[in-house]
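Beneath this line is the structure, given in structure tokens, with notes to follow.
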Amino acid sequence: MWSMVSRLKREVFPLSSTDTTTEAPRDERRDAEMARITGALGAAVLDSLVKANDDMWIRVSADAWRTTGETLKSLGYSYFCFLSGIDWLPSPFGKGEEDPTEPTPERDSTIKQGYTGGATRFQVIARVMQPFTSLGVNIKVDIDDSMAIDSWCSVYAGANWHERETHEMFGIGFNGHPDLRNMYLPSDFEGFPLRKDFPLLARIVKPWPGIVDVEPLPGDDEQEGEAS
Amino acid sequence: MTMLGDRQQLAYIAAQAADARVNVELETEGMTLNIGPQHPATHGTLRIIARLDGEQVVWAEPSAGYMHRGYEKLTEVRTYPQVTALVNRIDWLGSFANEVPFILAAEKLMGVEAPARAQHIRTILFELSRIANVSLFLGDLGVQLGAVTPVFFAFRDREYVLNLIEAATGGRFHPNFDRIGGLKDDLPAGFIDETRMVMKKLRTFCDQIEDLLFGNEIFQSRTRGIGVIPKDVALQYGLSGANLRASGVDWDLRRDQELPMAWNKADWKVWTHPDGDSFARCWVRLQEVRESTKIVDQLLDTIPSGPVMAKVPKIIKVPEGEAWVSTENPLGEMGYYVVSQGDQGPFRVKIRSASFNNISIVPWLLKGVYVPDIITILASLYFILGDIDR
Amino acid sequence: MSSALIAADLAYWAQSLLRVLGGLVAVLLPAGTVVYLFLFKMMSFMQSRLGPMEAGPYGSMQLFAEVGKWLQKEDIVPANAQPEARIFKMAPLIVLASTFLLVVVVPFGPDAWFTDFEVGIFYALAVSSVSVLGILIAGWSSANKYSLLGGLRAAGQLIAYELPMVLAVVGVVIQAGTMNLQQIVVAQNAGSMFGWNGVGNPYILTQFVAFIIFMISVQAELTQTPFDMPIAESELVSGYMTEYSGFRFLIFFIGEFATAGVFAMIASVLFLGGWGVPFAWFGWTDMDSIDNWMNVVGPLILFTKMIVLVFFIMWVRFSFPRFREDQLQRFAWKILIPVSLVNIMVTAVLKVAF
Amino acid sequence: MAKPKVPGLFKGLGVTFGTLMRTATEGSNTIQYPHEKETPPIRARGVIALHEGNCTSCMLCARSCPDWCIYIEGHKELAPPRRAGGAPRKVNKLDRFDIDYALCMYCGICVEVCPFDALFWSPEYEYSEPRIADLLHDMTKLGEWMETVPEAPELEAGADKKGKK
């Protein structure tokens, strides 16, 4: 299989002419690859997206998560790149850049998922790659209220630490993971730091220095005191 | 090859266990040795919990997180220019290289591309930071294995590279020079000639290190056959960079992936090594420094003239979308998965750093080795603490 | 031996005082020179830097500054070592004591010696092992896992390298026909090679293999790179010295370099002709005919030879990475010991033949 | 390889001895710091200097600072009119401009965003303090650094000269 892949590489990437790229053949390459993936995964794929000259995304159903990994690995995506989570809730705290004397602004709290959509607040995203061709696919999966999903440890050994990190940062469980201890935080830490509703204290305890603090002339109105 | 390393290790452990069972009355409890968080070999604060039988490791696990700075959370409250200043602290030895993939991802989302001159200079600085990073590895390798001199050579010659980076960007360690749409400024006059001279010095440095360390029989006996990583295991764990190429995988993102950078304008070689042991990893890195000096030399000849900044608005708002860009950083594949929701700052940035994956293979790798080999293996895997913990 | 100590007609206490002072000079002077010349300056120059430059002209007073610094530091005993604090505190002294015991038998001139043992080299090899005890005690009593590993490594290593060292010396002893260091010196300088006595008969020429083995063993005995696993700062932090601070660390430190100097002296006595110059140059034939000024020049000659040997020890130390513990044992038992045994055999055969 | 093979051990000894001789004859690569000093490059980001007259307290730098280490306070003042006979202008006058160098991470964003050229980089680096609170540089101290601000360097051949300031 290695030899096959490397031959493919030589055909597609002649080293000397990489700068004279044409859009069309590369799209075909990703489209074909996507067709191969969706064909192999069948009904597990809920949505897919190919961005020309860029990347591929698929969203799979949660119960097919482990088989997705296995299938992709058998399709040549043997390089495990990363696995992480996304919390799609807009931050209720903003950036901490507002005047504390003003009333707190209304914040939009509608959840708006990214590429390939989604139905839940949390998603797990993983990326695997085909070595040599450098084609990669981003796989997303919705995490429902059970906040757990199958582990990829047995498929990609490298997923171990990534799942541990995702577990402690988002509170997403991984069924079948051998050891979901915290990596970074103390074991009795409460809360999940990368969730959007976890405040970043550094931006809350200190007042924002960007508030305009220019005293107006004694005779001026308050409104004119704003900085130019 | 695939199973060989694993089987050797398992057999070794099994034999040890059998020995222990025979001498029941002599059987002793294993000793748990904490290597780190403060330990000279864990440049930074990595902690390795090793259970030892004599000096042999029965079980070992790294425990990271003593330097976790929460960059993924911090990026959510920062604008894109501010994130750039932040991310070059991830791998603090090759800092400019950290900025590039993030900027490229943002540029991809915005649909802008840096001018040719900026791409060229970016690539030069990228390779300079690789040299600065990996040359320190070559010196540090000596210290880890007990040779004191190479690290001073490394600091000596790395200083020239840092001076170059400082002259061009203003920052020795944290350039913060890359901008969405190009570079902050053009190169100062005299940079090209200076760089040529420095590259010559770096090549001499590589020769010296090769003579002093790589050719040394003691060094070879310490590193050859130690910590063998087979090809498919390396891929599964997501090892990247020289660690992957030392296992015989001929894959370099600089060559095999198309990015608006200038690597393909130079003629250079991707080195691989079939062995997958510590020596192979170190050797591949040595060759990489040499190739980098070649890349820099060639790119210096062909810098196109023109502006270094594309037309971008002063206040940067990145349109909605998601983008993944990774580059072949000094430590391996460094990538950013940037999710934008049309704000001045990113909605979520997943930082995929090379050392995190590279070091996650350590529990697998350390079974059955001796205490000195822990150091060899850690040194040859080459991690930067900031790159593990982020 | 004809004459006794120079000041033989002095009172016993005065003699003792002189001996003690002489011993201090003979240990501390080489140690200071070695530290300044090699650790501070040669190492720095090999690494493209200048080393200490501030204290004294060209940094020559740096060692005094360091000593002052160490003496001011607190003498810390780790909490877990408290029950055996006495033993913990004793360890560095044992190491230093072995150095002083070693220097006792080194001859510095025809009449300049501390004691004149008939079995001097045997004694020297025996007391040099005393330092192992100190190191083992230090490693064990520190109540620190790194120290323990370092101490055990040191014990294993020093025992493994004691043997080739002894065997290497046996070649010299066979050739000289005596164990008295003074007579070994005389035998080399009064000797001749195939009738030509221009350089005497330094045993480095005839016993070159033994010399190499002896120097390798010295390197291991001194725990210098490539055999510095007991200290191994990148693995075991600082091995058996990890928990020591203040002047106890200073004693370890001085002991290390003093022992390097003393071993280099013994090596130059055994292989380079010691304090002597070839006797034929001045028409001397035996001990009694040597001019008295050799008692002044002799120590200087010995000192020069010592510096040359220490240069090699340190040069290797600053250039090489270190072995692994098992490789070191394999090297000692599978290479050095067989080679030195063969050397003894060949020497014995040749001795009988000629 | 036509050269005879030298064992690696001796090659290594050769490298260190060669360096020893080179250091002895050509001098070392180090500098005896307090006695002689290296001049940093022109662009080196050593310390931020403030040209007080240019500052309009617009807060852009304080807002763009990633770790919020710039503190600005000001008040409005009447300045003489630009042209004779015009109405007096209202200008913002600085009361306080502090940069906390204990927090600053020397990213240079503030200097870059300043629309009125009030902030500059100076390559000076010798301002360490025994007390961390002394690293908070106030307006006068930041103004003193202005003397050390160098001219911008010439650009390399092929650069777009009409680019930025």
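The values are calculated or read from the model by the stated rules, or taken from the named source; none is laboratory data. None of the values given here were measured: they were computed from a predicted structure. Please note: Cβ atoms are built from the backbone with ideal geometry, for glycine as well, and neighbour counts cover all protein chains shown.
List of remarks:
- Among the residues of this structure, residue A:150 counts as one that is within 18 Å of the chain's Cα centre (by Cα), away from chain B (no Cβ under 11 Å), acidic (Asp, Glu) and over 30 Å from residue D:68 (Cα atoms).
- Within region B:241-268, the set of residues being under 19 Å from the mean Cα position of the chain (by Cα) and either among the small types (Gly, Ala, Ser) or surrounded by fewer than 18 Cβ atoms within 10 Å (Cβ to Cβ) (or both) comprises B:241, B:242, B:246, B:247, B:248, B:250.
- Selection within region A:43-74 - part of a loop (DSSP other than H, G, I, E, B) and modelled with pLDDT of 85 or more: A:61
- Residues located in region D:126-165, provided they are within 14 Å of chain B (Cβ to nearest Cβ) and of a type in the set (Val, Ile, Thr): D:149
- Note on region B:86-140: residues that are β-branched (Val, Ile, Thr), within 22 Å of residue B:321 (Cα to Cα) and in a helix (DSSP H, G or I) total 3.
- Taking each residue of region D:21-37 that is at the interface with chain C (Cβ under 7 Å from one of its Cβ atoms) and looking for partners that are in a helix (DSSP H, G or I) and surrounded by 10 or more Cβ atoms within 10 Å (Cβ to Cβ) with beta-carbon atoms closer than 7 Å, six or more apart or interchain, yields D:23/C:45; D:24/C:45; D:29/B:156.
- Counting only strands (runs of 3 or more DSSP E) wholly contained in region D:47-125, the ones carrying 2 or more residues that are within 14 Å of chain B (Cβ to nearest Cβ), under 19 Å from the mean Cα position of the chain (by Cα) and not hydroxyl-bearing (Ser, Thr, Tyr) occupy D:47-50, D:119-122.
- Filtered by the rule that a residue be in contact with a Leu (Cβ under 8 Å, 6 or more places away or on another chain), part of a helix (DSSP H, G or I) and facing chain D (nearest Cβ under 9 Å), region B:171-209 gives B:191, B:192, B:209.
- Candidate set: region C:232-262, residues that are touching a Phe, Trp or Tyr at 6+ places or on another chain (Cβ under 6 Å) and within 15 Å of residue B:33 (Cβ to Cβ); chosen: the one nearest to the other protein chains (Cβ to nearest Cβ): C:237
- Here residue B:282 clears all of (1) of a type outside the set (Val, Ile, Thr); (2) within 29 Å of residue B:106 (Cα to Cα); (3) touching a residue at least 24 places away in the same chain (Cβ under 8 Å) except the condition numbered (2).
- Selection of region B:337-369 for residues being facing chain A (nearest Cβ under 10 Å), among the charged types (D, E, K, R) and touching a strand residue (DSSP E or B) at 6+ places or on another chain (Cβ under 7 Å) yields B:348, B:350, B:352.
- Selection of helices (runs of 4 or more DSSP H) fully inside region B:289-384 by the criterion of at least 1 residues being of a type in the set (Gly, Ala, Ser) and surrounded by 24 or more Cβ atoms within 10 Å (Cβ to Cβ) returns B:354-360, B:371-381.
- Subset tally (residues that are among the polar types (S, T, N, Q) and facing another protein chain (nearest Cβ under 9 Å)) for region B:60-81: 2
- Restricting region A:195-214 to residues that are touching a residue at least 24 places away in the same chain (Cβ under 8 Å) and farther than 30 Å from residue D:74 by Cα, the residue that is nearest to the other protein chains (Cβ to nearest Cβ) is A:196.
- If you go through region A:158-171 and keep only what is surrounded by fewer than 23 Cβ atoms within 10 Å (Cβ to Cβ) and either in contact (Cβ under 8 Å) with a residue 40 or more places away in the chain or of a type in the set (Ser, Thr, Tyr) (or both), you end up with just A:170.
- Conditions (1) modelled with pLDDT of 85 or more; (2) assigned to a helix (DSSP H, G or I); number of the one not met by residue B:25: (1)
- Residue B:235 vs. criteria part of a helix (DSSP H, G or I), within 30 Å of residue A:82 (Cβ to Cβ) and among the hydrophobic types (A, V, I, L, M, F, W, C): yes
- The one condition in (1) surrounded by fewer than 23 Cβ atoms within 10 Å (Cβ to Cβ); (2) in a loop (DSSP other than H, G, I, E, B); (3) within 14 Å of chain B (Cβ to nearest Cβ); (4) not aromatic (Phe, Trp, Tyr) that residue C:148 fails to fulfil: (2)
- Residue A:192 passes every criterion in (1) assigned to a loop (DSSP other than H, G, I, E, B); (2) at pLDDT 85 or above; (3) more than 12 Å from chain B (Cβ to nearest Cβ) apart from (3).
- Qualifying residue in region D:94-106 (condition: touching a Gly at 6+ places or on another chain (Cβ under 8 Å), touching a residue at least 40 places away in the same chain (Cβ under 8 Å) and either on the phi > 0 side of the Ramachandran plot or surrounded by 14 or more Cβ atoms within 10 Å (Cβ to Cβ) (or both)): yes
- Search result, residues across region B:56-85 that are outside any helix (DSSP H, G or I) and surrounded by 21 or more Cβ atoms within 10 Å (Cβ to Cβ): B:57, B:60, B:62, B:64, B:78, B:79
- Flag not set for residue A:55, criterion: within 9 Å of chain B (Cβ to nearest Cβ) and buried (at least 23 other Cβ atoms within 10 Å of the Cβ).
- Among the residues making up region C:308-343, those that are under 19 Å from residue B:56 (Cβ atoms) and in a loop (DSSP other than H, G, I, E, B) are C:322, C:323, C:324.
- Among residues of region B:210-250, those that are at the interface with another protein chain (Cβ under 7 Å from one of its Cβ atoms), over 15 Å from residue B:376 (Cβ atoms) and among the hydroxyl-bearing types (Ser, Thr, Tyr), counted: 1
- Some residue of region D:48-55 being surrounded by fewer than 19 Cβ atoms within 10 Å (Cβ to Cβ), farther than 20 Å from residue D:108 by Cα and of a type in the set (D, E, K, R): no
- Out of D:44, D:87, D:49, D:79, sole residue that is out of contact with any Phe, Trp or Tyr (no Cβ under 7 Å at 6 or more places or on another chain) and either at pLDDT 85 or above or acidic (Asp, Glu) (or both): D:44
- Candidate set: region B:269-288, residues that are of a type outside the set (Ser, Thr, Tyr) and in a loop (DSSP other than H, G, I, E, B); chosen: the one surrounded by the most Cβ atoms within 10 Å (Cβ to Cβ): B:276
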